[in-house]
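A quick write-up on the structure given underneath.
The values are calculated or read from the model by the stated rules, or taken from the named source; none is laboratory data. Please read these numbers as outputs of a predicted model, since none were measured by experiment. Every residue, glycine among them, receives a Cβ derived from its backbone with ideal geometry; neighbour counts consider all protein chains shown.
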Amino acid sequence: MIRLELAGANTRVHSTLCGACPQGPTGCCASPPGVEWSDIGRIVSLGGAGWLLEQMAGGSLRPGQRGLLMLRVEPRDSDGRALPKRCAFHGHEGCTIPPERRAATCNYYVCDDAFAHGGEPSGNPEALAGRRAHDALVDLYGRWDLELAARIREGWPDGPPWNQDFLEWLGREHERLASRAASTAPALTPR
Ligand code: SF4
Ligand code: SF4
């Protein structure tokens, strides 16, 4: 089953298949996505600037070419055997951070197997709406990242300073982009 929580750029798509993921117990969190410029802006706009700086200081997030990269860790089981690598924010019961601190991909991405399991091939309405929302978000965040990357190259040719002011600028940029998109993304708007 696919379940959709429509909330514009903060929309979430859930699949019951994730609880028994065919890729293994860590599912998608074995390969965490980047926290890209638009994700950082979204997290800041939801009150997470201090949290981002704390995670950077602690090493769970580090600067990359397109934003921040999430640390991957190799936990051990109770017998000391190495378990498969996974996102540093993954715990025994799944993600340990709230949706407003995650990359948007963590909130909206589900794989083709999940859509098939949710009945997309037979036209299940929730699965079809989930696919529309998923595709709209891929498109939206992709465009925002290109626009923000160009503005960052222009404003900080040697790379951004990664301080509170820069994060707050990204937060304001996210709000500007999200308000511009609000009326043009019907697949993400609750009826
Ligand atoms: S989206 Fe697909 S690969 Fe990812 S956790 Fe769910 S079932 Fe597994
Ligand atoms: S932030 Fe959470 S949902 Fe995203 S990859 Fe890490 S553990 Fe998974």
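For this structure, a couple of remarks:
- Selected residue (criterion: surrounded by the fewest Cβ atoms within 10 Å (Cβ to Cβ)) from residues of the range 81-109 that are among the aromatic types (F, W, Y) and within 13 Å of ligand 1 (Cβ to nearest atom): Y109
- Looking only at the range 36-80, residues that are at pLDDT 95 or above and either within 16 Å of ligand 1 (Cβ to nearest atom) or not in a loop (DSSP other than H, G, I, E, B) (or both) come to 30 in all.
This table checks each residue for (1) under 16 Å from the mean Cα position of the chain (by Cα); (2) closer than 21 Å to G34 by Cα.
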position: C87; (1), (2): yes, yes
position: P125; (1), (2): no, no
position: A129; (1), (2): no, no
position: L167; (1), (2): no, yes
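- When residues in the range 3-19 are screened for being more than 8 Å from ligand 1 (Cβ to nearest atom) and either surrounded by fewer than 16 Cβ atoms within 10 Å (Cβ to Cβ) or not in a strand (DSSP E or B) (or both), 10 of them pass.
- Total residues in the range 117-141, condition without any contact (Cβ under 8 Å) to a residue 40 or more places away in the chain and either exposed (fewer than 15 other Cβ atoms within 10 Å of the Cβ) or farther than 17 Å from L17 by Cα (or both): 6
- Per-region count, the range 76-85, residues touching a strand residue (DSSP E or B) at 6+ places or on another chain (Cβ under 7 Å) and closer than 21 Å to G34 by Cα: 1
- Test: D112 is over 16 Å from the mean Cα position of the chain (by Cα), loosely packed, with under 15 Cβ neighbours inside 10 Å, over 30 Å from D158 (Cα atoms) and more than 16 Å from ligand 1 (Cβ to nearest atom): no
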